[in-house]
Structures are given as C-alpha cells and as structure tokens.
1. What is the residue count in region 18-53 for residues that are part of a loop (DSSP other than H, G, I, E, B) and either under 19 Å from Asp5 (Cβ atoms) or touching a Lys or Arg at 6+ places or on another chain (Cβ under 9 Å) (or both)?
2. So in region 82-97, with the set limited to residues that are over 13 Å from the mean Cα position of the chain (by Cα) and part of a strand (DSSP E or B), which one is farthest from Pro109 (Cα to Cα)?
3. Which of the residues spanning region 48-57 are surrounded by 15 or more Cβ atoms within 10 Å (Cβ to Cβ) and not hydroxyl-bearing (Ser, Thr, Tyr)?
4. Looking at the structure I just gave you, is Ser79 closer than 21 Å to Ala107 by Cα and among the small types (Gly, Ala, Ser)?
5. Residues to consider are Ser79, Ser52; find the one that is of a type in the set (Ser, Thr, Tyr) and closer than 16 Å to Phe120 by Cβ.
6. I need the full set of residues from region 1-17 which are outside any strand (DSSP E or B) and of a type outside the set (Gly, Ala, Ser), in order please.
7. Taking the criterion of being among the charged types (D, E, K, R) and touching a helix residue (DSSP H, G or I) at 6+ places or on another chain (Cβ under 7 Å), would at least one residue in region 25-33 satisfy it?
8. Tell me which residues, restricted to region 34-56, are under 9 Å from the mean Cα position of the chain (by Cα) and among the polar types (S, T, N, Q).
Amino acid sequence: MSRPDTFFNFADLSKGISRTLAAGIETRVFPGQRAMFSVVSFEPHSEGSIHSHPEEQWGVLLEGSGIRIQDGVEVAVGSGDFWRTPGGITHGFRAGPDGARVLDIFAPPREAYTKAGTGFDA
C-alpha cells in the first residue's frame, strides 16, 4: 500500500525540496502551511555560515555531534540535544568529527526554503 504524500521517513530523503546550504551541508525541506521541517546532513567538520532570519527555529540533533553557535555563544551538542532560536538571532552550526544530522523546524515557513536552490538565504 502506498503512503499519502503527507507521510515521510528520516531514512528516505528522496522526497522534499533539495537544497545545498554550503560545502558539505545538504538538506531536504518539507514545508507546511504554518511550519516547515528541514532535515540537514553535515559532513564531518563542515560548517554553515553565521546568519539570521525572522522565523523562529527549533533544532534537534538526530545523530552525530557538533557546536551550536547562537548569539555569539558556542555550545557543544550531541545526539538528542535540541534548542530554540528566536527570530532575528544570529546562529550557525559546526559538525563534529563524525558529521551530524539535524532536524530544523521553522515557524512560520522560511520563504527562501520553499524552492530548490543553494545557500542559507536565497
């Protein structure tokens, strides 16, 4: 039996909107009407740029390790840790030696992420 287009699985990221955020950082984006999921895969030691946006963002480290940089503060995080980033706060992530996979949740959805592309802002 096939699954409706409103069901997904972390092990199968063939669905969703594909974006390359930076070298070694790929995501699949799943937009909804009022929230958006982004499943981000980081290669070992890859690092995203420090940036901000008006949307609130929650992050969950699904696997791996890294450093969450938020409002100038660096916090070591491991599998199972999660955090909240209010809109307008500068933030970024640096993956550990085994890479990382992060689930980002945005509310409302980020307009820039509603189409395939590259970068954090476009």
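Values quoted throughout were computed directly from the atomic coordinates according to the rules given, and no laboratory measurement underlies them. Since the model is a prediction, treat every value here as computed from it, not as a measurement. Quick reminder, even Gly has a Cβ in these numbers, built from the backbone with ideal geometry, and neighbours come from all protein chains shown.
1. So the count comes out to 8.
2. The extreme case among them is Pro97.
3. Correct list: Gly48, His53, Glu55, Glu56, Gln57.
4. Considered against the rule, which asks whether it is closer than 21 Å to Ala107 by Cα and among the small types (Gly, Ala, Ser), Ser79 comes out as no.
5. Ser52
6. Met1, Arg3, Pro4, Asp5, Thr6, Phe7, Phe8, Phe10, Leu13, Lys15
7. Looking through region 25-33, none of the residues is among the charged types (D, E, K, R) and touching a helix residue (DSSP H, G or I) at 6+ places or on another chain (Cβ under 7 Å).
8. Listed by number, the residues that qualify are Ser38, Ser41.
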